[in-house]
Amino acid sequence: VQLQAFGGGLVQAGGSLRLSCAASGRSFSSYAMGWFRQAPGKEREFVATIVASGGSTYYAGSVKGRFTISRDNAKNTVYLQMNSLKPEDTAVYYCAVLSGSHYYADPNGYNYWGQGTLVTVSS
């Protein structure tokens, strides 16, 4: 599986961005997908996960109510709609494939990662 994330950029606080992650390979609709982020000098942290069917989603407390994860299995793409952005959301955002039944918030449970896309929120 190869993943390519895009859609990052510079936005003012309070603004919105939509990230996309395109997957190649078979069986995209068979696995859960997640978004993580990593700010300079910090560890990679969980942002959101969506199950294979799209029927359930999970969010970090810091983004709940502002971010929405979704997927289009026909397009092999997962999205992250980010609204009401804050300067502390500044980070490189990564999409990843969740392996098996691992805990969704643990980055060690993800076995394929995209290259990341930079989101910068100015105050």
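The values are calculated or read from the model by the stated rules, or taken from the named source; none is laboratory data. Predicted model only: the values in this text are computed from it and were never measured. Cβ: placed from backbone, ideal geometry, glycine included. Neighbour counts: every protein chain shown. For the accessible areas, the whole protein counts, side chains as well, though only heavy atoms, and no ligand, DNA or RNA atoms are used. Shrake-Rupley method; radii C 1.70, N 1.55, O 1.52, S 1.80 Å.
Okay, here's what the table says:
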{"quantity": "Whole-Hz couplings from phi, Karplus 6.51/-1.76/1.60, listed for the stretch 104-112; x for Gly and Pro", "calculated": "5, 8, 8, x, 5, x, 9, 10, 9"}
{"quantity": "Residue-normalised accessible area of the chain, expressed per residue, 1.4 Å probe, Å²", "calculated": "51"}
{"quantity": "Spin-label model distance (nm) - Ala74 vs Ser122, 7 Å beyond Cα toward Cβ", "calculated": "3.9"}
{"quantity": "Surface share of carbon and sulfur [accessible, 1.4 angstrom probe, percent] for the chain", "calculated": "46"}
{"quantity": "Dipole of the chain, positive end: most advanced residue of Phe36, Leu3, Ser101 [Cβ charges, Cα centre]", "calculated": "Leu3"}
{"quantity": "Separation of the Gln115 and Ser99 label points, Cα + 7 Å toward Cβ, nm", "calculated": "2.3"}
{"quantity": "Charge dipole (debye, nearest 20) of the chain; +1 at Cβ of Lys and Arg, -1 at Cβ of Asp and Glu", "calculated": "200"}
{"quantity": "Segment Ser53-Val1, length gained on full extension (0.36 nm per residue, minus Cα span)", "calculated": "16.9 nm"}
